[in-house]
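A.B. asks: Below you will find the structure I want to go over with you.
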């Protein structure tokens with residue numbers, strides 16, 4: 001896990017379920033980690049099955065390898 005963000009790749013069938021999930025998750029983590037832990041709203045995007053999904057998984061794996069020191073960190077341009 002990174003020091004300033006979390007990656008999740010989850011499958012949720014309805015937008016309403018996502019909203020309930022993210023509210024619950026952020027509330028639980030805020031109670032565990034302390035008040036003021038969240039400075040920004042969550043970023044999310046829809047991922048298509050196939051190549052798009054695999055690219056997201058590869059990105060998460062690469063990011064984790066950078067944090068663990070197995071790969072050199074490369075700054076991303078937004």
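The values are calculated or read from the model by the stated rules, or taken from the named source; none is laboratory data. Since the structure is predicted, the reported quantities are computational estimates derived from the model, not experimental observations. Here the Cβ positions follow ideal geometry from the backbone for every residue, glycine too, while neighbour counts run over all protein chains shown.
A.B. asks: Could you grab the pairs with beta carbons closer than 6 Å, sequence gap of 6+ or different chains, first residue in the stretch 46-66 and more than 13 Å from residue 7 (Cα to Cα), second one assigned to a helix (DSSP H, G or I) and at pLDDT 90 or above?
C.D. replies: 47/53; 47/56
A.B. asks: A further question follows. Take residue 32 and tell me if it is out of contact with any strand residue (DSSP E or B) (no Cβ under 7 Å at 6 or more places or on another chain), assigned to a helix (DSSP H, G or I), surrounded by 10 or more Cβ atoms within 10 Å (Cβ to Cβ) and at pLDDT 85 or above.
C.D. replies: Here the answer is no, as residue 32 does not meet what is asked.
A.B. asks: For residues that are surrounded by fewer than 11 Cβ atoms within 10 Å (Cβ to Cβ) and within 16 Å of residue 8 (Cβ to Cβ), scanning just the stretch 45-74, find the one that is nearest to the chain's Cα centre (by Cα).
C.D. replies: 45
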